[in-house]
Structure formats: structure tokens, C-alpha cells
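Structure first, then comments.
The values are calculated or read from the model by the stated rules, or taken from the named source; none is laboratory data. Keep in mind that what you see is a predicted model, and the values were worked out from it rather than measured. Positions of Cβ are backbone-derived with ideal geometry, glycine not excepted, and every protein chain shown enters the neighbour counts.
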Amino acid sequence: MKILTIKQIESFLRSIESDYDVRVPTKLHDDSRTLGKLDKGSLAIAGGRIPQKITNVFFPQTETVLTASSEKIELSKPLAKPLFVVGFTAPDADCLKFIDRFYSENYHDDIYFNKRNGAIIVCVSGRCGKDGEFLKIADGNCDMELISDGQNYLLAAYTSAGKALAEKAEGSEADEALIKQLRKESDALPTDDLELIQKASKLLLDEKVPDEFWVSISNRCIACTSCNLSCPTCTCFDVFDRKSENKVNRWRMWDSCQLDGFMREASGHNPMGTESLRTRRRIHHKLAADPKRWGQITCLLCGRCDDVCPTGIGIKAVCKEMVEQYG
């Protein structure tokens with residue numbers, strides 16, 4: 001395992017740009033952080049999770065499905081270069097693992113895998129979170145990982161592709177004692193949030209949460225859809241066609257279960273016609289329906305919905321109220 005300075009990391013990333021479409025955490029003019037290219041802002045690995053839905057590199061907000069003309073139909077094609085994405089946290093890597101499964105089981109989504117196949121995922125962990133928070137070490141749930149000791153980064157490689165690329169990075173040999181210490185800190189991180197959503201999941205599965213609870217929560221919802229648009233495991237989309245000259249472009253775009261028209265039928269009937277039903281669905285889907293269908297809770301505690309919700313009803317906040325009232 002090597003230890004690299006920020007300058008060495010940037011040099012390494014620039015050295016592989018001829019072979020990969022490199023996306024990294026960058027700092028914008030207003031000091032906010034986003035996932036972008038090196039020439040669009042300064043490298044900003046430290047700072048915790050990227051605010052945006054990080055899985056959007058493979059499932060963007062809007063993308064072309066196909067283009068049709070009188071002569072032919074052209075399907076979405078693979079990228080010219082595979083993606084190399086730095087900035088996933090350990091929970092983000094768990095989210096990506098789930099949507100890989102979601103898009104491959106029952107129906108293989110070629111549009112998604114045109115971007116996902118061949119991509120290199122680099123997690124960021126250690127002493128580099130927001131306000132000094134220690135970020136959990138992903139430890140193998142990715143191709144490569146940058147583990148911060150508070151100043152520099154240990155470069156760990158887990159897959160064959162990751163190991164081959166790591167050989168190209170310039171750095172000094174990492175101290176084994178430091179590696180053990182960082183792993184110890186990671187293992188000691190609290191599990192309160194995980195225990196909280198597990199308790200909430202059981203309450204929902206046991207049908208112990210009454211309708212009145214969802215009415216109370218939904219009264220605070222302003223249907224801004226920030227929860228869905230920031231969630232790495234939200235996969236709902238709508239499809240629409242747009243005519244341009246002699247062609248028709250078919251697009252797909254993220255949809256939100258918090259919107260009134262999400263499940264409205266052509267007849268006008270809407271099985272999710274009230275805010276309380278839509279709010280219940282948002283939570284129930286990830287904590288009760290998905291465990292039945294996929295065998296796992298699909299809120300993987302990235303924390304984004306709680307960060308962005310303007311009225312304080314992100315999933316962890318709702319679970320806390322649920323457990324306090326009915327647990």
C-alpha cells in the first residue's frame with residue numbers, strides 16, 4: 001500500500017486521463033463541492049460525501065434512450081472511454097452495489113451498463129470527512145480506495161484493474177502501524193443509525209405504524225423532491241419523446257414518488273393521490289417493500305436526504321420519530 005500527497009494524487013489522475021474519463025470531487029467558485037472533471041475546478045477530495053446523487057454518473061438525471069428516424073433506430077452507445085470516479089464513500093459503494101443488482105436482475109439495462117462496464121470506482125475514507133469526521137473504510141467494496149491519515153492518503157487497490165492502475169501512482173510505502181490504526185478507528189465507528197433504521201423497518205414490516213403518523217409527517221412535506229433527487233438508490237424514471245427535425249429522440253428522466261402525478265393513471269385514478277400516501281411510500285419502499293423483494297433495506301445511510309430536506313423529514317429523521325412513538 002502506498003501513501004500519496006494531494007499533488008501526487010492529482011498527478012496520477014492526470015496521467016490516466018488519456019485512457020479514462022476521470023471524475024473527481026472538485027471545489028467550485030462558491031466553495032461548494034461537486035463531482036466533475038479536473039479542469040473544471042480544484043481537486044477537493046476531503047470534505048465528506050459529495051452532496052449530489054453520486055450514482056448519477058451511471059444513471060444521469062436525463063439521458064437519451066434512442067434516436068429514431070424513417071431510416072433507422074439508433075440505440076444509446078457505450079462511452080468512448082470508461083469512467084474513473086473518485087469520491088464514493090463506503091455507504092455510496094453499498095448503494096452502487098445495489099443498483100448494479102437492480103439494473104441486472106430480471107431485466108438487464110444496457111443503457112446503465114454502457115456507462116458502468118469497465119468503470120473504476122475509488123472510495124474516499126479515513127480522516128477527511130466534513131468537520132474532521134472519520135469516514136468508514138470501504139475495504140474492498142470498490143476498485144481502489146484513498147484512506148486519509150489527516151494529511152496524506154493511503155492508496156489501497158482491491159480489484160485486478162485497480163491494482164494495475166495503482167502501480168502507476170508515485171508514492172512512498174505506507175507504514176503498517178498507520179494502516180492498522182486507521183482500520184481500528186473505522187471499526188470503532190458507531191452503528192446507531194443502522195440500528196435505528198433496522199428498528200423502523202421491523203415496525204413497518206409488523207404493520208405497527210398507523211396512518212395518522214404519515215399524515216403528520218406529510219404535513220411537513222413541500223414536495224420539493226430533494227430526497228429522491230439526492231438518493232443514490234432511487235431508480236424511478238419517466239420516458240418521453242421529443243421531435244427534432246426529421247428525428248425523434250426518446251429520453252428518460254428521473255421521476256419522484258413525492259409528485260402528485262407519479263402513479264396517476266390515464267383514467268384519472270391516482271392510487272397515490274394524497275401526500276400522506278406518497279410520504280409513506282417513500283419510507284416504506286426502502287425499509288419494508290425492498291427487504292421483501294430484494295432481501296435488504298435499501299436505505300444504505302448515505303445521509304443525503306437528511307442533509308437536503310428543508311423541513312427535517314429525511315429518512316433517518318422520520319425513523320427516529322417512528323421508533324420513539326411506536327418502538
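Segment 24-103 holds strands (runs of 3 or more DSSP E) entirely within its bounds, and those carrying 1 or more residues that are in the same structural domain as A157 (by TED's automatic domain parsing) and free of Cβ contacts under 8 Å to residues at least 60 places away in the same chain map to 33-36, 73-75, 83-88. Answer yes if at least one residue in segment 134-146 is in a strand (DSSP E or B), closer than 23 Å to I54 by Cβ and without any contact (Cβ under 8 Å) to a residue 60 or more places away in the chain, and no otherwise. The answer is yes; a qualifying residue exists. Scanning segment 147-170 for residues that are surrounded by fewer than 17 Cβ atoms within 10 Å (Cβ to Cβ) and acidic (D, E) returns E167, E170.
Yes/no per residue for (1) over 18 Å from L229 (Cα atoms); (2) crowded, with 16+ Cβ neighbours inside 10 Å:
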{"position": "S42", "(1), (2)": "yes, no"}
{"position": "Q52", "(1), (2)": "no, yes"}
{"position": "F59", "(1), (2)": "no, yes"}
{"position": "K72", "(1), (2)": "yes, no"}
{"position": "S76", "(1), (2)": "yes, yes"}
{"position": "F88", "(1), (2)": "no, yes"}
{"position": "I99", "(1), (2)": "no, yes"}
{"position": "F102", "(1), (2)": "no, yes"}
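The set of residues from segment 298-317 being assigned to a helix (DSSP H, G or I) and touching a Lys or Arg at 6+ places or on another chain (Cβ under 9 Å) comprises R304, C305, D306, D307, I315.
Is it true that some residue in segment 256-274 is touching a residue at least 40 places away in the same chain (Cβ under 8 Å) and assigned by TED's automatic domain parsing to the domain that holds L205? Yes. Does E212 qualify as being farther than 30 Å from R14 by Cα, free of Cβ contacts under 8 Å to residues at least 24 places away in the same chain and either in a helix (DSSP H, G or I) or among the polar types (S, T, N, Q) (or both)? Judged against the criteria, E212 is a match.
Quick check: is even one residue across segment 213-236 exposed (fewer than 15 other Cβ atoms within 10 Å of the Cβ), over 18 Å from I313 (Cα atoms), aliphatic (A, V, I, L, M) and over 19 Å from the mean Cα position of the chain (by Cα)? There is no residue in segment 213-236 that is exposed (fewer than 15 other Cβ atoms within 10 Å of the Cβ), over 18 Å from I313 (Cα atoms), aliphatic (A, V, I, L, M) and over 19 Å from the mean Cα position of the chain (by Cα). Being at pLDDT 95 or above and either among the charged types (D, E, K, R) or more than 21 Å from V308 (Cα to Cα) (or both) holds for only one residue in I99, I45, I54, and it is I99. Scanning segment 252-297 for residues that are surrounded by fewer than 17 Cβ atoms within 10 Å (Cβ to Cβ), in a loop (DSSP other than H, G, I, E, B) and under 19 Å from the mean Cα position of the chain (by Cα) yields a single hit, Q296. Residue-level check: of (1) touching a strand residue (DSSP E or B) at 6+ places or on another chain (Cβ under 7 Å); (2) over 30 Å from F58 (Cα atoms), V209 misses just (1).
Every condition in (1) part of a strand (DSSP E or B); (2) buried (at least 18 other Cβ atoms within 10 Å of the Cβ); (3) β-branched (V, I, T) holds for V248 except the one numbered (2). For segment 171-206, taking the residues that are of a type in the set (V, I, T) and part of a helix (DSSP H, G or I), the one that is surrounded by the fewest Cβ atoms within 10 Å (Cβ to Cβ) is identified as I179.
Does D143 count as within 17 Å of D175 (Cα to Cα), buried (at least 16 other Cβ atoms within 10 Å of the Cβ), at pLDDT 95 or above and not hydroxyl-bearing (S, T, Y)? For D143, the condition - within 17 Å of D175 (Cα to Cα), buried (at least 16 other Cβ atoms within 10 Å of the Cβ), at pLDDT 95 or above and not hydroxyl-bearing (S, T, Y) - is not met.
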